[in-house]
1. I'd like the distance between the alpha-carbon centres of the stretch 167-181 and the stretch 213-227, rounded to an integer number of Å.
2. So if each residue of separation counts as 0.36 nm, and I subtract the Cα-Cα distance between ILE212 and ALA92, what length gain in nm does that give?
3. Going from the alpha-carbon gyration tensor of the stretch 83-168, what semi-axes, largest first and in whole Å, does one get by taking the root of 5 times each eigenvalue?
4. If packing is taken as the mean number of other Cβ atoms within 10 Å per residue, what is the order of 81-87, 212-218, 164-170, 153-159, highest first?
5. Treat every Asp and Glu Cβ in the stretch 31-190 as -1 and every Lys and Arg Cβ as +1, leave all other atoms uncharged, and give the resulting dipole magnitude about the Cα centre to the nearest 20 debye.
6. Once label points are set 7 Å from the Cα along Cα→Cβ at both ASN45 and LEU60, what is their separation, rounded to one decimal in nm?
7. At a temperature of 25 °C and a viscosity of 0.890 mPa s, determine how fast the stretch 31-190 diffuses translationally according to Stokes-Einstein, using the Kirkwood radius over alpha-carbon pairs as Rh; express D in µm²/s, rounded to the nearest whole number.
8. Put one equal scatterer on each alpha carbon of the stretch 43-117, apply the Debye formula with no solvent term, and list log10 I(q)/I(0) at q = 0.12, 0.18, 0.23 1/Å to two decimals.
Amino acid sequence: MLKIFNEGKSLEDFDRLVDQELNEFYGPESANVLLPIFEPEVSMNKYLIMGFKENMHLLLGIRKMFISGVDFNDYKTYNTIFNRIKKRYISAKATKYMNLELFSEKGKQQFKGLIEHVGLYKNLHNLNCKLLAEFLGIIGLKIYNFLYSEEDLYYRLEFVPTELFFTQNLEIEKRIELMRHNVEYIINYYRVLDDATNHLWIKMADDNEVIINFKNEICFQIWKKETFKY
């Protein structure tokens, strides 16, 4: 620190140096893109879930970075890594606002928490929130309540720790199960029925066991005309 300041650098420069680890971690998985152009490209994955096992190196890297930077006996230190991630998202203009709140009864290790997340782009925001749900799952936190406002691009995720949060064991299959729970909880597949038709079709096309049938030719022609009129 003294060397940095003697060179005439500021606290902002020191802050950027401290987060070099985070930048190096995200670097290989990031790309420089124009977000308004990238936004439509991610619209189709609204109800899709990434392959957890295929991306396990990234997810376990996130977990390793988290557990190396917190004190499990003091839940307030969890804000440290969260603020570092939040700063990166905001500086990259990938999100507008993020907030973490943690609650615990005095003398107890068990706690509850919530994350508020306000986005800038609807589709990118949906993607970021799914990634956030996966991050919570890989470190052992379970989402039990969820609030979403599409108009305000506001997500509120409420979570509690599971036994996976406090163990050093990997327990890969259990963590995958928890990540899937978290992502499916916020996706809410019931919404797909009222959403754009293409979201329903992409889910059906992914399942080889699905068959679509019509009562007669007239019914099919009416459906085709209404579905593809745009």
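Taken together, the values in this text are just the output of simple stated rules run on the coordinates, not laboratory data. None of these values were measured; they are calculated from a predicted model. Using ideal geometry, Cβ is built from the backbone for each residue, glycine included, and neighbour counts are taken over all protein chains shown.
1. Each part's Cα centre sits 45 Å from the other's.
2. Values: separation 120, 0.36 × 120 = 43.20 nm, distance 4.30 nm.
Extra length available between ILE212 and ALA92 comes to 38.9 nm.
3. Details: eigenvalues 119, 35, 30 Å².
Sorted largest first and rounded, they come to 24, 13, 12 Å.
4. Values: 81-87: 16.9, 212-218: 8.1, 164-170: 12.4, 153-159: 19.3.
So the order, starting with the most tightly packed, is 153-159, 81-87, 164-170, 212-218.
5. On the way: 21 positive and 18 negative charges, 83 e Å.
Dipole magnitude for the stretch 31-190 comes out near 400 debye.
6. Result: 2.1 nm between the two label points.
7. In µm²/s, the coefficient rounds to 151.
8. The computed values of log10 I(q)/I(0) come out as -0.47, -0.98, -1.20.
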